[in-house]
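Read the structure below first, then the notes.
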Amino acid sequence: MNHKSELPEGFKTPLEMFYQWEKIKPNTTWLSQYEDGQWREYSWKQAGEMARKIASGLQARGLNPDDKIGLYAENSARWFITDLAIMMAGLVSVPIYTSMPEDKIRYIVDHSEMAFLFVGDNCALSLEQIKAAFGNNIEVCGLGCNNNDWSQLLNSTSKAFGNPLRDWNDLWTISYTSGTTGQPKGVMHSFSTMPSSVMETAKLTRTSEKTRFFSYLPLAHMAERSAIELHSFYCGGMVGFNRNKDSFIEDLILIRPTIFFAVPRIWANLKAGIVAKLGEATWQRCTSDKIFGAETGKQVLASMGLDAVEIALTGSAPIPRADIEAWRCLSMPLCEGFGQTESMSGTFNRVDNYKVGSIGLPITPSAEVSISEQGELLLRSAGNMLGYYRDEEKTRETIIDGWIHTGDKARIDEDGFVFITGRIKDIFKTAKGKYVAPTPIENNFAHFSGIEQCCLVGSGLAQTVMLVVITGWENNDDELKQKLAHHLQQTNKQLEAHERISHVIICLEPWTIENELLTHTLKILRDDVEKFYLATIEKAITNPLETVIWET
């Protein structure tokens, strides 16, 4: 079923890479973590010693090879060390988003046949709640600094532990998707699938032992786990952890990452902060005057701790072309790429070889991309997943002749750059019987300054309606309505008749994980957004003269 692409020359597993750095530079800092009121640094040697003790402690608990171990915890040095221990002990890691509610956690615990669960300090459910909900069926261990569980496990055995290796084909992890439709799917990766993708990416980005990473996006998200955790294994770089949202900029300034990964929502928030500080006029000058933009960018990026960034990454969701162009005007080398939990051997724009609006070129010659007869983007490489855990039917639907069917519609231009044109499942039919692909329209509409989020809806409607979240304006601002109305007119001139937007609705609150309008990976839940604003949409379309309205 699964096409066997060749692994990169000289491929080593994450464990082999860890042992290499531990031997070469044992006393060099690998992880930097704020603990007990101060920053603590873990060298490769210290992390290795701790991981071996945790691995020995897990084995002493009677766990069997390939037992599933849950990681329901915030990003931390302990997360990395515990994950390393799980590898050493012959077990399988199952990360869980810290924002997941009990019912989703229960599904993952049951479906993965989990035997042991680590729990952090700052999750939607506390350690006590998790123990009450699951403690009768599986062993639960606190991973955070606010309890002694992890320390007790660390010191529970003095058994000698060497440098165990895992076979390339061993199951490394089951990474559950965020569940945009139905229950999460358990994506299986071996010690050679996802790791081989990261090894190739590390070569492409030219990261090295001097690289500094900044970890803050959920490690349950394969993008963060591959771009930061695994990446550090393959280049030997240092990882610093963000304490919390309030200390984000402060921590960036302290760590000064040389590679920085953020999803479009984060880039939009950072841009909004810059615009608020500089003013709209100065921001616009930065984007139109390259010399002024570069000079201003030096100061702006330094004030945010981003002045040392050699390569910046964005992915996981569409980003407006205007945002990429604006960041590049500030001398931030922002590169958009594409990958999925199922395969990170996707595409990537290079710092010096890119096309704004595209998701780039294949990561390496061994990573193949193709477009099906239906216009769907297909991926094939050694980095493709093994399949979905306990779901052979879905696996057969997704992997055909070795090709991952991504669910994204795309095109490839004459230079080999790939452009996403929408999600196959996002396409909807209006009351006129015409199909609309919302993503390209949203990306174009998002050029309007201040738009943080936008979502085009229109299933069963006579015309489409654009829902937007905007920052930097007061509620019910007439000037904003006038400018948006003009932007609407200009946008509609570029659309076919059945695609044209009848109304723009300005939403009062951002769409978040907490209000259940974003997934745990910050993707918009399109159907839920449409249902949430249905009453406002129905009211808006009864008044054809007022095309821009505020949510009521």
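The values are calculated or read from the model by the stated rules, or taken from the named source; none is laboratory data. Everything numeric in this text was worked out from a predicted model, so none of it was measured. When we count neighbours, we look across all protein chains shown, and the Cβ atoms used for this are built from the backbone with ideal geometry, even at glycine. Areas reflect the complete protein model, heavy atoms only, side chains present, ligands, DNA and RNA absent. Shrake-Rupley method; radii C 1.70, N 1.55, O 1.52, S 1.80 Å.
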If I take all pairs of Cα atoms in the range 267-425, what percentage of them are more than 27 Å from each other?
35
A chain fully extended from residue 16 to residue 371 at 0.36 nm per residue, minus the present Cα-Cα distance, gains in nm 124.2 nm
Hey, what do the phi angles of the range 237-246 turn into as Karplus ³J(HN,Hα) couplings, whole Hz, using 6.51/-1.76/1.60 and θ = phi - 60°, x for Gly and Pro?
x, 8, 10, x, 10, 6, 5, 6, 4, 5
Putting +1 on Lys and Arg Cβ atoms and -1 on Asp and Glu Cβ atoms, find which of 169, 446, 405 reaches farthest to the positive end of the dipole of the chain.
169
Candidate lysines - alpha carbon under 25 Å from residue 12, same-chain residues fewer than 8 apart omitted:
4, 23, 25, 45, 53, 68, 203, 210
In degrees from 0 to 90, rounded to the nearest 10, what is the angle of the helix 194-205 Cα long axis to the longest principal axis of the chain?
70
For the range 133-147, just list the computed ³J(HN,Hα) in residue order, Karplus coefficients 6.51, -1.76 and 1.60, θ = phi - 60°, integers in Hz, with x standing in for Gly and Pro.
7, 10, x, 6, 10, 9, 7, 10, 10, x, 9, x, 8, 8, 8
At what distance in angstrom do the alpha carbon centres of the range 363-379 and the range 1-59 lie from each other?
33
Where does the chain land at 222 nm, in deg cm²/dmol rounded to the nearest 500, when only DSSP H runs of n ≥ 4 count, each adding -39500 (n - 2.57), divided by all residues?
-9500 deg cm²/dmol
Using only the alpha-carbon atoms, what does the chain span along each of its principal axes? Please give whole angstrom values in decreasing order.
77, 53, 49
Give me the dipole magnitude in Debye, nearest 20, for the range 50-161 about the Cα centre, with unit charges on the beta carbon: positive for Lys and Arg, negative for Asp and Glu.
380
Summing +1 for each Lys or Arg and -1 for each Asp or Glu, what net charge is found among the other residues whose Cβ lies under 15 Å from the Cβ of residue 222?
-1
Net charge around residue 151, counting only other residues with Cβ within less than 13 Å of its Cβ (Lys, Arg = +1; Asp, Glu = -1)?
-1
Starting from the Cα-Cα distance between residue 277 and residue 256, subtract it from 0.36 nm times their residue separation and give me the gain in nm to one decimal.
5.5 nm
First obtain the Kirkwood hydrodynamic radius of the range 400-532 from its Cα pairs, then insert it into the Stokes-Einstein equation at 37 °C and 0.692 mPa s, and state the resulting D in µm² per second as a whole number.
203
Considering amide H positions built from the backbone, and no H for Pro or chain starts, which residues 5 or more places from residue 408, or on another chain, come under 5 Å of its amide H?
377, 424
Kindly state, to the nearest 0.05, the FRET efficiency for residue 110 paired with residue 155, given R0 = 25 Å and r defined as their beta-carbon distance.
0.20
Just the number, please: percent antiparallel of the DSSP beta bridges in the chain, rounded to the nearest 5.
55
Antiparallel content of DSSP bridges confined to the range 102-246, in %, to 5:
40
Rounded to a whole %, the carbon-and-sulfur portion of the accessible area of the range 386-521 at a 1.4 Å probe is 45
20 Å Cα-Cα reach of residue 394 towards aspartates and glutamates, excluding residues that sit fewer than 8 places from it in its own chain:
110, 113, 342, 376, 408, 426
Based on the alpha-carbon set only, what is the convex hull volume of the range 215-333 divided per residue, in Å³?
99
For the chain, the dipole about the Cα centre with charges only on Cβ (Lys and Arg +1, Asp and Glu -1), to the nearest 20 debye, works out at 680
With each label point set 7 Å from Cα along the Cα-Cβ vector, what nm distance links residue 40 and residue 147?
1.7
Given R₀ = 30 Å, FRET efficiency for residue 133-residue 392 by Cβ-Cβ distance, to 0.05?
0.50
Please state the relative contact order of the range 409-552 as a whole percent: Cα pairs under 8 Å, 6+ residues apart?
19
Go through the range 84-100 residue by residue and turn each phi into a ³J(HN,Hα) via Karplus (6.51, -1.76, 1.60, θ = phi - 60°); whole Hz please, and just put x for glycine and proline.
4, 4, 4, 4, 4, 7, x, 9, 10, 7, 9, x, 10, 4, 5, 8, 6
What is the gain in length, in nm to one decimal, between residue 29 and residue 284 on full extension, counting 0.36 nm per residue of separation less the C-alpha to C-alpha distance?
87.7 nm
So, R0 is 41 Å and r is the distance between the beta-carbons of residue 415 and residue 508; what FRET efficiency does that work out to, to 0.05?
0.45
Cross-link pairs beyond the 29 Å C-alpha cut-off, checked among 493/539; 355/523; 131/425
131/425
Where Lys and Arg each count +1 and Asp and Glu each count -1, what net charge lies around residue 550 among other residues with Cβ under 15 Å from its Cβ?
-4
Once you put a point 7 Å from the Cα of residue 317 and another 7 Å from the Cα of residue 489, both along the Cβ direction, what distance in nm separates them?
3.1
